[in-house]
2 protein chains.
Amino acid sequence: MSPTAAPLPPASSASATVSTDAGSLLYWDDFHPGDRQAYGPMKVTREAIIDFASQWDPQPFHLDDAAAEASLFGRLAASGWHTAAMSMRMVCDALLLRAASLGSPGLEQLRWHQPVYVGDVLSGHFVVLDRRRSASRPGVGLMKSRWETVQQDGALVLTLESWAMFRCRPAA
Amino acid sequence: MSPTAAPLPPASSASATVSTDAGSLLYWDDFHPGDRQAYGPMKVTREAIIDFASQWDPQPFHLDDAAAEASLFGRLAASGWHTAAMSMRMVCDALLLRAASLGSPGLEQLRWHQPVYVGDVLSGHFVVLDRRRSASRPGVGLMKSRWETVQQDGALVLTLESWAMFRCRPAA
């Protein structure tokens, strides 16, 4: 994979190299433990916080300034599910939409480290932790990743670890 | 809590009773391991699947029939984050909006057991697993819950386990 194709750079210069050509689809075979992919940025607006919360998490501290000031958040804060959704969108744009992604069976853990507020700018890193071939589905592999989403000061706002499925590279 | 106030019934008739009055706010003190709360139903439309995926998870199998047919899903399927968001909305409506909820530090695990398709009708149960007072925040307690979201045939589509914070009942 060339740098012009939004590379999945190795975790360090001495670590794994990635084997695909520029512009080609990423298969399970192309991910190796230690590979990293930056994602973002995405700016968090007041309108987006209220729009998401109105649909999916209408707790008062996600909708109303006075309620937020009286809460542990102190001011209007995004739903944690919104922070997760923003992270997913950034991971899609940076990686999944150019990979042979097949979905995910779930998350091993997810942490909301601190609130996300109006005006925050989120970004992050996707890190490959582990991989194995599917025991039940020929041609499919599983990859475990860790996502680390930070705000503009570098402070963690969300981490998760997840297994996801990808197609293996077809025989030539 | 009386049955007229959308009760949090005990896990069995021999299990915990819940101590609040009808219509009053639920505090940390009111939740006991084994307590259960039904949530839902919510019908999953094609428009909702595409709208959520367009914003947060624009992988082709969540947006396009032909791409979905060629994927492991077989037909248009909701983003797992959409299933989580729908579960959150149902839990809000059934429980959190009448409780002294203060947010959550995260999930211990989340599983997407099977896809959610157009026309599915989701519902579920929230079950109290554990609780403890916050060591660092006076007047705040933590409660661990398990959410089980099923579709119309009773098959599990999502489970998660999470800790969440609630205010303790103020001194009289």
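No lab work stands behind these numbers, since they all come straight from the coordinates. Bear in mind that the values here come from a model prediction, so they are computed numbers and not experimental data. Using ideal geometry, Cβ is built from the backbone for each residue, glycine included, and neighbour counts are taken over all protein chains shown.
If you place +1 on the Cβ of every Lys and Arg and -1 on the Cβ of every Asp and Glu, how big does the dipole about the Cα centre of the range B:25-167 come out, in debye to the nearest 20?
Details: 14 positive and 16 negative charges, 144 e Å.
The dipole magnitude comes to about 680 debye.
What does the copy distance list look like for A:ARG132, label position 7 Å along Cα→Cβ, in nm and ordered from shortest?
Counterpart label points of A:ARG132 in the remaining copies fall at 3.0 nm.
Hey, got the average number of other protein chain Cβ atoms within 10 angstrom for residues in B:116-126?
Across the residues of B:116-126, the mean count of other-chain Cβ atoms within 10 Å is 0.
To one decimal in nm, how far is B:PRO60 from the same spot in the other copies, if labels go 7 Å from Cα toward Cβ? Please give the shortest first.
The projected label point of B:PRO60 is separated from its counterparts by 4.8 nm.
Return A:ASP93, A:ASP35 ranked ascending by Cβ neighbour count within 10 Å, so the fewest neighbours appear first.
Ascending Cβ contact count within 10 Å gives the list A:ASP93, A:ASP35.
How large is Rg/Rh for the range B:25-167, to two decimals, with Cα atoms and a Kirkwood Rh? Before the final figure, lay out each step's value.
Details: Rg = 16.7 Å, Rh = 16.0 Å.
Using only Cα positions, Rg/Rh for the range B:25-167 is 1.04.
Any idea what the A:ALA171 label distances to the other copies are, label 7 Å down the Cα→Cβ vector, nm, shortest first?
Between copies, matching label points for A:ALA171 lie 7.7 nm apart.
Counting only residues 5 or more places away or on other chains, whose amide H sits under 5 Å from the amide H of A:VAL116 once H atoms are built in the peptide plane?
Residues meeting the amide H criterion: A:ALA78.
B:LYS43: which lysines have alpha carbons under 29 Å from its alpha carbon, excluding same-chain residues fewer than 8 sequence positions away?
B:LYS144
Using a 10 Å cut-off on Cβ to Cβ distances, tally the other chain neighbours for every residue of A:59-70 and report the average as a whole number.
Whole-number average of other-chain Cβ neighbours for A:59-70 is 1.
Is the protein assembly as shown best put as rounded, prolate or oblate by its Cα gyration tensor, with a ≥ b ≥ c the root eigenvalues, rounded for a/c under 1.5, and otherwise prolate when a/b is larger than b/c, oblate when not?
Prolate shape, in that a/c is at least 1.5 and a/b is the bigger ratio.
Under the definition of Cα pairs under 8 Å and six or more residues apart, what whole-number percent is the relative contact order of chain A?
25
Order of A:LEU156, B:LEU160 from fewest to most other C-beta atoms within 10 Å?
If I rank by nearby Cβ atoms, fewest first, I get A:LEU156, B:LEU160.
How large is the helix-only mean residue ellipticity at 222 nm for the protein assembly as shown, computed as the sum of -39500 (n - 2.57) over DSSP H runs with n ≥ 4, divided by its residue count, in deg cm²/dmol to the nearest 500?
Per the formula, -5500 deg cm²/dmol.
What net charge do the residues around A:VAL118 carry, taking every other residue with its C-beta under 14 Å from that of A:VAL118, with Lys and Arg at +1 and Asp and Glu at -1?
Summing Lys and Arg as +1 and Asp and Glu as -1 gives -3.
Within 10 Å of each Cβ in peptide A:87-94, how many partner chain Cβ atoms are there on average? Round it to a whole number, please.
3
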